[in-house]
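For reference, the structure is listed below as structure tokens.
No value in this document is a laboratory result; all are computed from the given coordinates. Note that the coordinates shown come from a computational prediction; the quantities given were computed from them, not determined experimentally. Note that we place each Cβ from the backbone using ideal geometry, even for glycine, and neighbour counts take in every protein chain shown.
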Amino acid sequence: MSDAIKNLTIEGFKSIRKLDFEPRSLNVLIGANGAGKSNFVNFFRLLRELIEQRLQLAIKKEGGADTCLYMGPKVTQRIVGKFYFGQNGYEFELVRTTDNRLVFAQEVTLFSGAYGHHRYPLGSGHDEAKLKDWKDYPGITAKQGVEFHVFKAISSWVVYHFHDTSTTADVRGQRPINDNEFLRADAGNLAAFLFRLQQTNPVGYQKIRDVVRLAAPFFDDFRLRPIPGNEELIQLEWLQKDSDNLFRPSQLSDGTLRFICLATALLQPLLPSTVLFDEPELGLHPYALSLLAGLFQQAGKQHISQVIVSTQSALLLNYFAPEDVVVVERTEGQSTFHRLERTNLSEWLNEYALGELWQKNVLGGRPRNEELPQPSGATTGSSGGDGR
């Protein structure tokens, strides 16, 4: 996880006034609706668009700069992002213009080595990030300089979101077979990616297939092949146990298809250094949730990848340790983030699972108009756990 995030700062973005955050190997974000979990995840989406020089398009889709600024332009005039990973870092400051856009007040790459800390400004006043241009700049730094390594790291961070499993979703349709280098954020190229794994990494492919079998006992295997008559396209076909019939993706339930996407993302041979999942529990059976939690723990706890999960599922939360959990709350109009500590919850954990404590409003991260309960035998005024 050499490119995993050591520390990040977000300022002025939507409900996040200022956040200094140190992600660990496994980070499970919980909180009430509107607390700011999605805003945290969306900042990573914005970061990806920013480094790919699509900032202006992304801001326009949001409705303009005013919709992205904390409490609007009368309160906030800038958005700041700072990310530190490995020996490198990337900082930027975006300021609002009179025509409701965001432009760069500064853009900087950083390197920390044996000879100290170095900052490399990329300029100011530009509409789109210069990082991508500098990463391949002709000369001695091309493909080995700080800009190259910074761009490579950030572009590897992925926000996976598999909610769209409708009949018209890319994951169910025919897609180019050569779109298989990496799994796309919406798994639209799932069939092509699995086809490549089957051909080049059969052991990795079998791990995915076997986990899918656990979640869907009727499932036997994928049938991955070019579309007959058009070898440039492929579609996700599959086989059922004890049947010779070939089934199409339209014959997979939404929950099963989402689990296939999740299993593929988490078991891919070259898992990105940092991966984010936004409410992955949607449509999953409780047993599938237990399998999913195991995959998250395998990726995070074994230091395969840095995992950040935003969830509303108390059942999924049961499978994690308190130190994995970050509670997000909306306090006086801004999002706050704090990590749970086991020592503050030891009395509660003797009686309840973590998800139950969340439902009982012990952990915080729920609407604040509920009265805080007490564990059995607790005296009035005893600690109710982290976040209260």
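Observations on the structure shown:
- Summed side-chain charge close to Gln298 - residues other than Gln298 whose Cβ falls under 14 Å, Lys, Arg +1, Asp, Glu -1: 0
- One decimal place: the segment Lys18-Tyr115 gains 31.8 nm when fully extended, by the rule 0.36 nm per residue minus the C-alpha distance.
- Each Lys and Arg Cβ is given +1 and each Asp and Glu Cβ -1; about its Cα centre, the chain then shows a dipole of about 460 debye.
- A simple count of charges around Gly123, restricted to other residues whose Cβ falls under 15 Å of its Cβ and scoring Lys, Arg +1 and Asp, Glu -1, yields -3.
- Label-point separation, Lys74 to Lys61 (7 Å along Cα→Cβ), nm: 3.0 nm
- Gyration tensor verdict on the stretch 170-262 (Cα atoms; rounded if a/c is under 1.5, prolate if a/b is larger than b/c, oblate otherwise): rounded
- Where GluC sites (Glu not before Pro) fall in DSSP loop in the stretch 124-204, at most 16 other Cβ within 10 Å: Glu181
- Within straight-line cross-link reach of Lys135, lysines at Cα separation under 18 Å, skipping those fewer than 8 residues along the same chain: Lys143, Lys152
- Where only DSSP H runs of four or more residues are counted, the chain gives -8000 deg cm²/dmol as its mean residue ellipticity at 222 nm, each run worth -39500 (n - 2.57).
- Loop-resident trypsin sites (Lys or Arg not before Pro) (DSSP state other than H, G, I, E or B) in the stretch 1-99 with no more than 13 further Cβ atoms inside 10 Å of their Cβ: Lys74.
- For the stretch 1-108: rounded, prolate or oblate by the Cα gyration tensor [a/c cutoff 1.5]: oblate
- Tensor-based shape of the chain (alpha-carbon gyration tensor, a/c under 1.5 rounded, otherwise prolate or oblate): oblate
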